[in-house]
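S.K.: The structure follows.
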Amino acid sequence: MRRTWLRPIWILLALIFLAEAWLWDHLEPLVARIVSLIPWGRLKAKLVALIEDLPPWATLIVFIVPFVLLLPVKFLEVYLLATHQWLAAGIVLIFAKLVGLGVTAFIFDVTRDKLLQMAWFRRVYAWFLWARVWAHEITEPVRERMRQLVWLLKPQRAGRFLKRFMRLRRNAYRNRAA
């Protein structure tokens, strides 16, 4: 009983985790491209050299800077939500998420080797890699069902979809009655 109650929660958490991982994967190259457009080549090279010269604990501070810089934007989101400005709050939320993930991806790419020198960070990093694989595994049945439903919803298959939906509905009622 307990497992059936927790499964939807685990699947929801896994889907959220996968959404974050998807954003990370797709924003990292975008941010790298945007950063490459900055004409301050010497400044970028100095930043990379500065980070390379830092010890691992100081590199961790550099990695945390984007979170601290985006904190006022998070407070703005809360204010907008509190004043019922839903659209503005949504826009600020999306902007903060994209900028935060993008900048963090860029900084993590530069600081990864230094950060992985710390044992606790290596364990946390390994856990996130494991969690990503786990999230894919736990959500695969749901994602496969969604692919099937999308396939069935194509205009030339609408009749088949309705027949299948009615059969699933009848089976659900039979299982509930049993």
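The numbers here are math on the coordinates, done by the rules we state, and not lab data. Here the structure is a predicted model, which means the values were calculated and not measured. Cβ placement follows ideal geometry from the backbone for every residue including glycine, while neighbour counts extend to all protein chains displayed.
S.K.: Taking only DSSP H segments of four or more residues, each worth -39500 (n - 2.57), what value at 222 nm results for the chain once the sum is divided by all its residues, to the nearest 500 deg cm²/dmol?
M.R.: So the calculated ellipticity at 222 nm is -31500 deg cm²/dmol.
S.K.: Hey, got a sec? Which trypsin sites (Lys or Arg not before Pro) in segment 66-153 land in a DSSP loop and have at most 13 other Cβ atoms within 10 Å?
M.R.: Counting only loop positions with at most 13 other Cβ atoms within 10 Å, none of the trypsin sites (Lys or Arg not before Pro) in segment 66-153 qualifies.
S.K.: Could you tell me which of N171, L70, A131 has its Cα farthest along the dipole of the chain towards the positive end, charges placed at Cβ (Lys, Arg +1; Asp, Glu -1), taken about the Cα centre?
M.R.: Projecting each Cα onto the dipole axis, the largest value belongs to N171.
S.K.: What angle do you read, to the nearest 10 degrees and between 0 and 90, between the alpha-carbon axis of helix 119-152 and the longest principal axis of the chain?
M.R.: 30 degrees
S.K.: In whole Å, what are the extents of segment 45-145 along the principal axes defined by its C-alpha atoms, from largest to smallest?
M.R.: Here the Cα extents, ordered largest to smallest, are 46, 40, 23 Å.
S.K.: Quick check on segment 112-178: take the gyration tensor over C-alpha atoms, sort the square-rooted eigenvalues as a ≥ b ≥ c, and tell me if it's rounded (a/c under 1.5), prolate or oblate.
M.R.: oblate
S.K.: Related question: Pick the calculated P(r) over Cα pairs in 10 Å bins from 0, in percent for this structure from (1) 9, 29, 32, 23, 8, 1; (2) 8, 21, 27, 22, 13, 7, 2, 0; (3) 10, 33, 24, 16, 11, 5, 1, 0?
M.R.: (2)
S.K.: Let me ask another. Note down the nm distance, to one decimal, between modelled labels 7 Å out along Cα→Cβ at N175 and at L69.
M.R.: Distance between label points: 5.0 nm.
S.K.: Ok, one more. Within 10 Å of each residue's Cβ, count the other Cβ atoms and sort H84, H136 from fewest upward.
M.R.: Ordered from fewest to most neighbouring Cβ atoms within 10 Å, H84, H136 come out as H84, H136.
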